[in-house]
Amino acid sequence: MAEDFDVPLDETTIYHADASCCAEAMFHDYTTAYSEFLRDPDGFWNNIASDLQWFAPWDTVLDWKFPFARWFVNAKLNITHNCLDRHVSNHRRNKVAVYWRGEGGRERILTYDHLYNDVMQFANGLKSLGVSRGDRVCIYMPTVPEQVVAMLACARIGAIHSLVFAGYGAAALNQRITGAQAKVVITADASVRRGKSIPLKPIVEEALIHAPTVEHVIVLRTQSPPVSLLPETEIDYYELMDASPKGCPPEEMDAEDPLFILYTSGTTGAPKGIVHTCGGYMVGAYYTCKYILNITDNDVYWCTADPGWITGHTYGIYGPLLVGATIFMTEITPDYPDPGIWWKLIEEYGINIFYTAPTAIRMFMKVGEEWPDKYDLSSLRILASVGEPLNPEAFVWFYEHIGKNRCPIVDTWWQTETGMHMVTTLVGEPMKPGYAGKAIPGVVADVVDREGRPVPPGQGGFLAIREPWPAMMRTIYNDEERYRKYWKNGEKPYYTTSDLAVRDHDGYIMILGRSDDLIIVSGHNIGSAEVESALVSHHAVAEAAAIGKPDPLKGNIVKVFVILREGFEPSDKLTHDLKYHVRQTLGPISVPAELDYVTALPKTRSGKIMRRVLRAQELGMDPGDISTLEE
Ligand code: WTA
């Protein structure tokens, strides 16, 4: 069956990174590594997991009862023991764990020992507020070292953290706090962005109006004069820390206990609370940092993702700490004070591994190579990308102007739900611009048709994962039905990614985009349904439809079509108000870039908006099968 997303396979130029950058690759070659994994998958994961320290070993590596998996059955561990204790008890005690840079040249340096002590003391602070194993803690903070401490402190005592990106608005935050029934919220007075401070606490206050489970709010205060706190419920971050004893033994967690919840936008209804567990997630994060990003002991590693996203969890914090790396993190945006700032930071800190997103690369392309050319980027060994397809032009620019025709580019395909890398090109393997690569050892990927049958090379299909993997989500918080929908049990079971893909004759996978109504804007997932419901919550709006429209810089932008209620007329002022309303509700990343007023929307006879038809109309394409379209 030919699909409308079939793409012709052009001849692609193949790139080979310089041998000097690949000398420390963990896999000798893909084919051997992959066949070793296939020969004995349990043995493969058993070996990786054995690098880490466990309080009690597993009885079996995997217990798989479709669609539910348990990994490292009955093993006991604490991820912070592996991120911290394991290092401070050996040669990494005084190694830098985190370099942090703020705007205006502010710098903070935390050694492993320092981080370890802060985490334990803050963990005791959480305990003193009544937080214990299994309780949910919402973290809504800017990118500062305290955010890392807060996350690890939760993990230390077995509390389940749920980070919410600090760019989300009050309604989105409320939905995530109440969804997880959080007991405590950890926040800051403000974040700093492009020379301005952006208040966070008022957003939290608004979000807490209807959030009955929250007992305490911990506030990191950075501004002067300090913001005032409500005596019964709000407490200063450092006062709590200082009042707490030092030293806190790690809680012994079962491998299958939840480690965190992270909300991600769905195509319908409320966001989904993706649940990751202690054992499998730890093994997946460790494995991919070591074998895919190839982080070694001497590297200074920078992942530009905010810790509020899954990339920030796995590759900003947990993974690099598991391998004992030095992390560089910053609140500095790529264009402030000028578009050379990130290259300046790479030079200054001698960054070796740089993991970023296509949208940033395209922004840098636009402003020109004179910016990176001002700085010495010779410390770089490996470049990596995530979040959306890395288009060939951006690949080539990144390769030539940042990697100087030396560094491999690891284009990693994965999801909040997968917890870890799934498809990419291993360091040292030939790279094809536009193609993420192949399933990594440990993962079985396929491109299938609607019935789950593999499609031949060159034919578009749905990207599917055939076998469970350790860092897979275990469920959706309080919504097992929604979890089950990810797995299909055809001839052979598989996990549905909702991404469209095509494979070439060498097995390289190109990601073509989403097959559902998720819009990826600058690498961030935005649900059409979320934007639509934010719009209809405005008194002037009767109905709304949101679609993604391709954009050369952001990958996609959100475009909305709005039907007004009786008595309202389209105007520039109203357009501005509607965009502002979405901003207040969901946050700046979800604001529609384009807004059209319409008098009707294409719908099925059962009344569902056919976004596909709107999208086709917008792009001047064939709408495909419209037999279900209402007259
Ligand atoms: C997209 C981010 C192409 C994809 C880790 C996926 C990508 C969604 C890539 C998950 C990539 C992520 N190439 N597309 N290298 N990486 N995507 O949950 O559509 O924020 O399903 O996880 O981003 O987004 P999420």
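Worth a mention:
- Per-selection metrics, region 563-631 (Cα): Rg and Dmax in Å: 14.5, 38
- Distance (nanometres) between label positions extended 7 Å along Cα→Cβ at Thr213 and Glu618: 3.4
- Using a probe of 1.4 Å, the accessible surface attributed to Ile589 totals some 40 Å² when neighbouring protein chains are kept in position.
- Descending Cα extents along the principal axes, region 432-501, whole Å: 40, 24, 18
- With contacts taken as Cα pairs under 8 Å at a separation of at least 6 residues, the chain carries a relative contact order of 14 percent.
- DSSP bridge pairs, region 213-315: antiparallel proportion in percent, nearest 5: 65
- All alpha carbon pair distances within the chain were sorted into 20 Å bins beginning at 0; the resulting P(r) in whole percents reads 19, 56, 25, 1.
- Of all beta bridges that DSSP places with both ends in the chain, some 60 percent have antiparallel geometry.
- For region 400-522, the alpha carbon positions stretch 48, 32, 29 Å along the principal axes, listed from largest to smallest.
- For Glu566 and Val536, the FRET efficiency from 1/(1 + (r/R0)^6), where r spans their Cβ atoms and R0 equals 22 Å, is about 0.90.
- Cα centroid separation, region 173-205 to region 349-387 (Å): 30
- Solvent-accessible ranking of His538, His313, largest area first, probe 1.4 Å: His538, His313
- Debye equation applied to the C-alpha atoms of region 108-251, log10 I(q)/I(0) at 0.14, 0.16 Å⁻¹: -0.61, -0.80
- Whole-number D in µm² s⁻¹ for region 522-619, Kirkwood Cα-pair radius fed into Stokes-Einstein, 37 °C, 0.692 mPa s: 240
- Along principal axes, Cα extents of region 1-159, largest first, whole Å: 60, 49, 42
- Local electrostatic count at Pro41 - Lys and Arg +1, Asp and Glu -1, tallied over other residues with Cβ under 12 Å: -2
- Ellipticity estimate at 222 nm from DSSP helix runs (n ≥ 4, -39,500 (n - 2.57)) divided over the chain, nearest 500: -7000 deg cm²/dmol
- Contour excess over end-to-end distance, with Cα ends at Glu480 and Val396 and 0.36 nm allotted per residue: 26.0 nm
- Residues of region 553-579 with an amide N closer than 15 Å to a point placed 7 Å from the Cα of Thr599 along the Cα-to-Cβ direction: 562-570.
- In this simple spin-label model, placing a label point 7 Å from the Cα along the Cα-to-Cβ direction at both Gln181 and Glu206 gives a separation of 2.8 nm.
- Within a straight-line Cα-Cα reach of under 12 Å, Lys404 can be paired with the following aspartates and glutamates, leaving aside sequence neighbours fewer than 8 residues apart in one chain: Asp18, Glu369, Asp373, Asp376.
- Cα-based convex hull, region 153-229, per residue volume (Å³, whole number): 103
The values are calculated or read from the model by the stated rules, or taken from the named source; none is laboratory data. Here the structure is a predicted model, which means the values were calculated and not measured. When we count neighbours, we look across all protein chains shown, and the Cβ atoms used for this are built from the backbone with ideal geometry, even at glycine. All accessible areas refer to the heavy atoms of the entire protein, side chains included, with ligands and DNA or RNA removed. Shrake-Rupley method; radii C 1.70, N 1.55, O 1.52, S 1.80 Å.
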